[in-house]
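Read the structure below first, then the notes.
The values are calculated or read from the model by the stated rules, or taken from the named source; none is laboratory data. No experiment lies behind these values; they were computed from the predicted model shown. So basically every Cβ, Gly included, is an ideal-geometry build from the backbone, and we count neighbours across all protein chains shown. These area figures cover heavy atoms from the full protein model, side chains too; ligands, DNA and RNA do not enter into them. Shrake-Rupley method; radii C 1.70, N 1.55, O 1.52, S 1.80 Å.
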Amino acid sequence: MAYISIAKLKKFTGEEDDTQAWINNVTKVITANNWDDARTMQVILYFLKDMADSWYYSLAQKPQNFNAFKLEFLRYFSDNNSINCLASTFTTIKQGNTEAVTTYLGHFHRNLHQIQAIQADYFIAPQILNQFIQELCSSILQQVCPMHLVNLPTAITHARDFEAAKLEANHAQAVNLVMNESSDLDFKLKQFSNNINQKLEGYLVDNRAIYQPPQQHNDLGNMNCFQNQSHPRSSTNQS
């Protein structure tokens, strides 16, 4: 029997795919192409990839028709797809360089609890511990990583302690910087004031050299001298 396909399927890996959307699309393709169960199962198996392909071949009893396949498919991938998405998000949670450990820990725990609510043993304790430590910001990671910690609560305590020490050191550095800048400003102001005073003194000296006030004379003596010179006959007559 020859089959003509007018609609096509997309591959399904089971990792980040939308399970319900994919199976809905399969139903539409089957109807559009008018496939029977034999053709449907033949095509579906071709489009199952990676984890989805492994899942199908791990089934002890293979579904013989689309309805049986759909039941098993949704039973496994509806929950599994959700937990895989959460796990994918969990492994990308990182502490930002300016983010507090408490904030990072909140995102970390919230996502972890969502995963554990679906499957408690999805991540084992060493994986959780390693994930928390490796995604700390670099300055805290450098302090925590060499300690070879064995449980999450201890790692959290040490991360918070190093963060507190880092903040205290940054605060002390900021205070010293302000004090140094203040001292430097005082020195510059004094230096500026001295320069102004020196220039002002130089200005006054230069102006004294340019402007010399007239000398004061004995006006009375000058007048007598003038009178004696002006009336020589008067003195003769009196004699």
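Can you compute the label reach from Ala38? Point 7 Å from Cα along the Cβ direction, backbone N cut-off under 15 Å, restricted to region 49-75. 64-66, by backbone N distance to the label point. Straight-line cross-link partners of Lys70 among the lysines, defined as a Cα under 27 Å from its Cα and at least 8 positions apart when in the same chain: Lys8, Lys10, Lys11, Lys28, Lys49, Lys62.
Over region 48-149, Cα pairs under 8 Å with separation of 6+ residues give a relative contact order of 23 percent. Measuring nothing but how far apart in sequence close Cα pairs (under 8 Å, 6+ apart) lie, relative to its length, region 80-125 scores a relative contact order of 42 percent. Each Lys or Arg adds one and each Asp or Glu takes one away; over the other residues whose Cβ falls under 9 Å from the Cβ of Val101, this sums to -1.
Taken per residue, the accessible surface of region 91-136 reaches 56 Å², heavy atoms only and a 1.4 Å probe.
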